[in-house]
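The next block holds one structure in the form of structure tokens; read it before the comments.
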Amino acid sequence: MPRQPRRRSYDQYCAAARALDAVGDRWTLLIVRELLAGPRRYTDLHADLPGVSTDVLASRLKDMEREELATRRKLPPPAAAMVYELTARGRELLPVLTALAAWGAPELAERRPTDAVRAHWFAIPLIPLLRRLPYAPAVLDVRLDEGEFHVRTDGSAGGGAVYGDGPAPDADARLVLDADTCRALAEGALTVEEGVKDGRIGVTGEGPVAAALRGE
């Protein structure tokens, strides 16, 4: 087997430089974003990372395995598919992505014609807001025009997955809002409570969490 070339390094004795040696390549942190939702097949990753080539995606995943950020495993039958998932070290990047999302939220003021969008891309900036709600921990479905995802505010299910595509079978409540409201929440211009009160966020569901979200 040919020897794999060494990845380029900043060669600086600095914690930030060492971190960028591992995750500073283009697409790596966006792959982490996708895998924070739980195990994903290669084809699913490629579909939700519009613009990445198959060669680059394969290369980044190999790099992430070498850096022990991600691993591969085969799902049991009947699925029997190969999936990628984050290691514990990889999941530790959630605060990094959360901080980047907060810093970048003002750049979402205007959606460009070339911008792709997936509903679950709004999960990262919403997670810290939902975790601060007085009725957390909870499982919350979030529905946008672009699709639906769910957030587990304690991050305990699915091997540490903090969010996932589609509704959760055990959701405590469903929030219905649009992308502009998500942006306002991410920027800190709106709270969840204010959004519900103003009618920008709809709440459905039975039980104490849904009732508390509605202010009942």
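Taking every C-alpha pair closer than 8 Å and separated by at least 6 residues, the mean separation divided by the residue count of region 19-98 gives a relative contact order of 34 percent. With bins 10 Å wide starting at 0, give me the P(r) of the chain over every alpha carbon pair, in whole percents. Values per bin, smallest distances first: 7, 31, 34, 20, 7, 1, 0. For the chain, the 222 nm mean residue ellipticity estimated from helices alone, with every DSSP H stretch of n ≥ 4 adding -39500 (n - 2.57) and the total spread over all residues, rounds to -10000 deg cm²/dmol.
Over all orientations, region 115-190 has a Cα convex hull whose mean projected area works out to 5.0 square nanometres.
Taking all protein chains as present, what is the carbon and sulfur share of the accessible area of region 116-216, in % to the nearest whole number, probe 1.4 Å? For region 116-216, the apolar C and S fraction of the accessible surface comes to 49 percent.
Counting charges near A116 (Lys, Arg +1; Asp, Glu -1) among other residues having Cβ under 11 Å from its Cβ returns a value of 0.
What's the long-distance tail for region 34-82, i.e. % of Cα pairs beyond 12 Å? Result: 67 percent of Cα pairs exceed 12 Å. When only Cα pairs below 8 angstrom with a gap of at least 6 residues are kept, region 127-216 shows a relative contact order of 26 percent. Listed peptides 103-112, 13-22 appear in the order 13-22, 103-112 once ranked by packing, highest mean of other Cβ atoms within 10 Å at the front. Each Lys or Arg adds one and each Asp or Glu subtracts one; over the other residues with Cβ under 13 Å from the Cβ of L190, this totals -3. Excluding ligands, DNA and RNA, the accessible surface per residue across the chain is 57 Å² with a 1.4 Å probe.
The values are calculated or read from the model by the stated rules, or taken from the named source; none is laboratory data. Since this is a predicted model, take the numbers as computed values, not measurements. Ideal geometry is used to build each Cβ from the backbone, glycine not excepted, and the neighbour counts take in all protein chains shown. Just so you know, the surface numbers come from the protein's heavy atoms only, side chains and all, with ligands and any DNA or RNA stripped out. Shrake-Rupley method; radii C 1.70, N 1.55, O 1.52, S 1.80 Å.
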